[in-house]
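One structure is given here, and the rest of the page talks about it.
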Amino acid sequence: MFGDNPNDATLRASWEDFCDQLKSAGDMVFRDGAPAHDIDRAKGLRLLARNISLGLQFHLENNDPNFPELLHYFDPLRKQGGDNTDALYVGAPINGEHTYRISGARGTARYFAVTVVENGATPWGGGVAGNLIDSDIEVAADGSFEIILSPDEHSGNWIKTTPGSWRVTVRQFFADWENEAPMVARIDRLGELQQSPVLGVQELTQGLADSVAWIRDSTLYWAQMLDKWKAQPNSFLSYRQLDDNAIDATPGGEPLICYWQVPKGEVLVVRVTPPEANYWAVEFGNYWWETMDYRYRLCSTNCHHAQLESNGELLLVVAHDDPGVPNWLDPSGHQEGYITVRWIGAAHYPIPQCTQMKQANLAEYLPANVRTIPAAQRKVQLAARRRGVIKRFGH
């Protein structure tokens with residue numbers, strides 16, 4: 001019973017504080033400026049619930065840089081911060097003063113980057129200490145690779161770490177979801193190690209406190225960030241144009257982000273001619289900076305899946321009802337959220353243009369020879385999405 005252990009009071013207080021802090025974090029959903037629709041309120045609270053596991057992963061379960069594991073961050077059921085619909089993000093804690101080896105099979109994702117992040121003012125750390133991108137990484141003929149993370153120079157694939165380096169992240173962006181394979185790899189700290197530590201009272205109480213602080217701070221951070229784009233709707237702006245925080249941005253091409261507000265009965269048309277690029281993508285999500293359910297909804301496209309017009313233009317339509325064009329962005333019940341475009345490895349970064357109108361005027365606005373898609377082909381598109389997600393995540 002309670003009191004049989006001298007630390008029972010400490011443990012109970014720690015757990016109660018974790019629950020109380022989590023409870024108060026829900027106030028974020030009801031703050032001024034947050035959408036009042038049922039779906040946005042519900043998804044705001046679900047966002048907090050979904051990220052409990054990620055906070056615990058970061059600060060209690062996989063938080064020892066002496067014994068790190070490469071674990072994934074986001075998936076169809078756990079998201080935040082504008083996760084890329086095409087992506088598989090994995091990472092591990094590190095200590096910038098030690099040496100680590102990442103080794104395994106690179107896989108065939110269209111875009112592949114390994115980034116070391118330093119401590120910083122945001123819930124995701126600060127600036128980038130170093131990274132390797134795509135062709136920077138030497139990969140053997142059989143697909144195997146090895147990367148050293150260390151303050152001391154190494155031959156081959158090497159990222160120099162700094163004393164403040166605390167996390168490594170591997171980004172894999174898949175263009176052809178069904179035919180590109182994910183990385184299979186591990187991370188090991190090199191050098192002599194003791195046995196992994198045993199969980200004790202101090203580790204548990206600190207882990208719970210750090211976890212709930214991260215859950216609260218990270219979800220609120222991204223919602224407040226997106227408010228900056230919400231103040232300038234239907235305009236694609238880069239992260240650096242609106243915020244000067246140092247943060248781990250995708251190397252090789254910073255995203256352009258647009259806030260949309262499309263009530264029922266209206267549509268938004270987005271037009272741009274994609275540049276020649278190693279990879280490009282369009283992502284679509286809600287106010288909480290979560291992507292829509294990309295398993296079952298047409299809520300993204302990329303350099304492989306998009307159907308361009310005869311003149312090379314990408315034409316996207318945000319519409320609550322299927323507009324019959326290939327590149328439909330399905331709001332999935334939402335009336336506001338964000339669109340992100342990424343041009344990676346491009347010589348220039350064209351800015352998409354937005355035109356909002358009544359749904360009844362869409363047919364008149366679209367080009368006479370605009371591409372269309374029959375209902376049967378739409379079902380094929382949707383079925384392929386789920387197969388691709390299973391290929392990527394294994395479930």
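Anything in the range 198-245 that is modelled with pLDDT under 90 and not hydroxyl-bearing (Ser, Thr, Tyr)? List them, or say none.
Arg240, Gln241, Leu242, Asp243, Asp244, Asn245, listed by residue number.
One line per residue, one yes/no per condition, for (1) within 20 Å of Gln307 (Cα to Cα); (2) among the hydrophobic types (A, V, I, L, M, F, W, C); (3) without any contact (Cβ under 8 Å) to a residue 12 or more places away in the chain:
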| residue | (1), (2), (3) |
| --- | --- |
| Glu336 | no, no, no |
| Tyr349 | yes, no, no |
| Cys354 | yes, yes, no |
| Ala376 | yes, yes, yes |
| Ala383 | yes, yes, yes |
| Phe393 | no, yes, no |
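What pairs come up if the first residue lies in the range 59-70 and is more than 12 Å from Ser196 (Cα to Cα), the second is modelled with pLDDT of 95 or more and among the β-branched types (Val, Ile, Thr), and their beta carbons are under 9 Å apart, counting only those six or more places apart or on different chains?
Sorted first by the residue in the range 59-70, then by its partner, the pairs are His59/Val212; Glu69/Ile187; Leu70/Val90; Leu70/Ile102; Leu70/Val168; Leu70/Val170; Leu70/Ile187.
Tally time: how many residues in the range 285-326 are more than 30 Å from Leu48 (Cβ to Cβ) and surrounded by fewer than 17 Cβ atoms within 10 Å (Cβ to Cβ)?
Going through the range 285-326 one residue at a time, the tally reaches 8.
I need a count of the residues in the range 97-126 that are over 13 Å from Glu146 (Cα atoms), part of a loop (DSSP other than H, G, I, E, B) and in contact with a Gly (Cβ under 6 Å, 6 or more places away or on another chain).
3
Could you check Trp214 against (1) farther than 30 Å from Gly130 by Cβ; (2) outside the structural domain of Pro331 (by TED's automatic domain parsing); (3) of a type in the set (A, V, I, L, M, F, W, C) and say which number it fails?
With respect to (1) farther than 30 Å from Gly130 by Cβ; (2) outside the structural domain of Pro331 (by TED's automatic domain parsing); (3) of a type in the set (A, V, I, L, M, F, W, C), Trp214 is out only on (1).
With respect to Val139, determine if the residue is at pLDDT 95 or above, closer than 26 Å to Cys303 by Cβ and more than 19 Å from the chain's Cα centre (by Cα). Talk me through it step by step, then tell me what you get.
Numbers: at pLDDT 95 or above: yes; closer than 26 Å to Cys303 by Cβ: yes; more than 19 Å from the chain's Cα centre (by Cα): yes.
For Val139, the condition - at pLDDT 95 or above, closer than 26 Å to Cys303 by Cβ and more than 19 Å from the chain's Cα centre (by Cα) - is met.
Check Asp248 against each of (1) crowded, with 16+ Cβ neighbours inside 10 Å; (2) acidic (Asp, Glu); (3) in contact with a helix residue (DSSP H, G or I) (Cβ under 7 Å, 6 or more places away or on another chain); (4) at pLDDT below 95 and name the one condition it does not meet.
Status for Asp248: all satisfied but (3).
Output the residue which, of all residues in the range 167-199 that are of a type in the set (Val, Ile, Thr) and closer than 14 Å to Pro93 by Cβ, is surrounded by the fewest Cβ atoms within 10 Å (Cβ to Cβ). Walk me through it before giving the result.
The initial filter retains those residues of the range 167-199 that are of a type in the set (Val, Ile, Thr), namely 168-170, 184, 187, 198.
Applying the additional criterion that residues be closer than 14 Å to Pro93 by Cβ yields 168-170, 187.
On the way: Val168: 27, Thr169: 21, Val170: 24, Ile187: 23.
Result: Thr169.
The values are calculated or read from the model by the stated rules, or taken from the named source; none is laboratory data. It should be emphasised that the depicted structure is a prediction, and the values quoted were computed from it without experimental measurement. Heads up, the Cβs are rebuilt from the backbone with ideal geometry, glycines too, and the neighbour counts pull from every protein chain shown.
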